[in-house]
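Worksheet: the structure to be examined is printed underneath.
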Amino acid sequence: MLQAKRDAPLGGQAVLEGVMMRGIRNWAVAVRKPGEEGEIEVTSFALQSALRRHRWLRLPVLRGIVALGESLAIGFKALGVSANAQLAAANEAEGEEGEPMEISGGMWAGTIVVALVFAIGLFFLLPLGLTSLVKHQLNSSMLFWIVEGTLRTAIFLGYMLLLSRLRDLRRVFEYHGAEHKTISCFEAGLDLTPVNAQRFSRLHPRCGTSFLLIVMIVSIFVFGAVGLPAWYLLVASRIIGVPLIAGISFEIIKFAGRNRRRRWVRAVMWPGMQLQLLTTREPDLDQLAVAIAALEAVLALEDPNELSAKDLVGVEVVA
């Protein structure tokens, strides 16, 4: 499999029967509509990042927190676009009259809140609670730190393994692979065709899966500095510390993307790259065509190869 050698200011995400691609000023969602014809529906949106408007938000670590918040918002909106496209196509196929049923913005906002609470509870508060059960047997803040970090990483890896075995998510993982291959094809400077994109690896150094593993590792060191205060301070640190950990992890994965040619960087990022084998699958040519349609919709509005240094100020994108 081929791998691109340079980093482009492009990112994306797999959605329901489709792919979201984002650039610097625009993002687009391409969805394969159900049915015999299987048309590709593409929707484009302008991207107004707070990082471009406010210089103080571009400080290291802080810029990562802001960028991740924006990515989360775009990602859930893209999921809403893809879900509504599937619902509209299903209603049309069944010949239903009237306005097609859509998932409201309020429902997606509620989903974001529930997802964040679930993630913090599962990956940060649960390991803390389990380790606290044997706190008196450990007799050391360092042992507490090591046990909690090991439990957190184990829970994360187990969760990812469970997701990889869910049959309903297989096509989402295939579109995830299509997103990576398409971005790598562009980064390599080849024509965006399904055949060309298929030649590339489905793994990408800026993938969100690798980012999450970095979060687990960085959290061990950040929480280690907290020590072993009262239980309520421990709980507060695990909640308040999440943005800081995310910001640091973002800086690491951006550095890795820019320096992917360095052997030591590839060695450090190897575990995260291998973890992507759980969250990506080999896509077919039709799925690659969807990913390419999303990227071409972005490229029709902006060309990353022609951007000036001023245009790139405040740009933070994860694949």
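All of the numbers you see were taken from the coordinates with simple rules; none came from a lab. From a predicted model like this one, the values you see are computed outputs, not experimental measurements. Neighbour counts run over all protein chains shown; Cβ positions are idealised from the backbone, glycine included.
Dipole of region 169-297 computed with +1 at Lys/Arg Cβ and -1 at Asp/Glu Cβ about the Cα centre; of Pro205, Trp270, Ala294, farthest Cα towards the positive end is Trp270.
Only Cα pairs under 8 Å and 6+ residues apart enter the sum, and on that basis the relative contact order of the chain stands at 33 percent.
Taken about its Cα centre, the chain carries a charge dipole of about 2120 debye when Lys and Arg each add +1 at the Cβ and Asp and Glu each add -1 at the Cβ.
Summing Cβ point charges (Lys, Arg +1; Asp, Glu -1) relative to the Cα centre of region 151-301 gives a dipole of roughly 560 debye. Take every Cα pair under 8 Å whose residues are at least 6 apart in sequence, average their separation, divide by the length of region 157-229, and the relative contact order is 22 percent. Once the Cα atoms are used to define both axes, helix 208-224 deviates from the longest principal axis of the chain by about 20 degrees. Entry for region 169-238 at q = 0.15, 0.16, 0.26 Å⁻¹: log10 I(q)/I(0) = -0.63, -0.66, -1.09, Debye formula applied to identical alpha-carbon scatterers, no solvent contribution. Give the angle, between 0 and 90 degrees and rounded to the nearest 10, that separates the Cα long axis of helix 141-164 from the longest principal axis of the Cα atoms of the chain. With both axes taken from Cα atoms, the answer is about 20 degrees. With contributions of -39500 (n - 2.57) from each DSSP H run of at least four residues, the per-residue ellipticity at 222 nm computed over the chain stands at -19500 deg cm²/dmol.
Of the residues Phe144, Phe76, Pro9, the one whose Cα sits farthest toward the positive end of the charge dipole of the chain, with +1 on the Cβ of Lys and Arg and -1 on the Cβ of Asp and Glu, is Phe144. Scaled to the globular estimate 2.2 N^0.38 Å, the Cα spread of region 208-286, given as radius of gyration, is 1.37. Working note: Cα gyration tensor of the chain, eigenvalues times five, square-rooted, sorted largest first, giving semi-axes of 35, 23, 19 Å. Note on the chain: Lys pairs 8 or more places apart or on different chains, Cα atoms under 19 Å apart, count 5. Computed from the Cβ-Cβ distance with R0 of 45 Å, the FRET efficiency linking Leu62 to Leu162 stands at 0.85. Across region 239-246, coupling constants 3J(HN,Hα) worked out from phi with the 6.51/-1.76/1.60 Karplus curve, θ = phi - 60°, read 8, 5, x, 4, x, 4, 4, 4 Hz, and Gly and Pro carry x. Place a point 7 Å from the Cα of Val195 along the Cα-to-Cβ direction; which residues of region 271-297 have their backbone N under 19 Å from it? It comes to 283-293, nothing else.
Inter-part distance, region 183-225 to region 16-58, computed on C-alpha centroids, equals 18 Å.
Between the helical axis of 263-279 and the longest alpha-carbon principal axis of the chain there is an angle of about 70 degrees.
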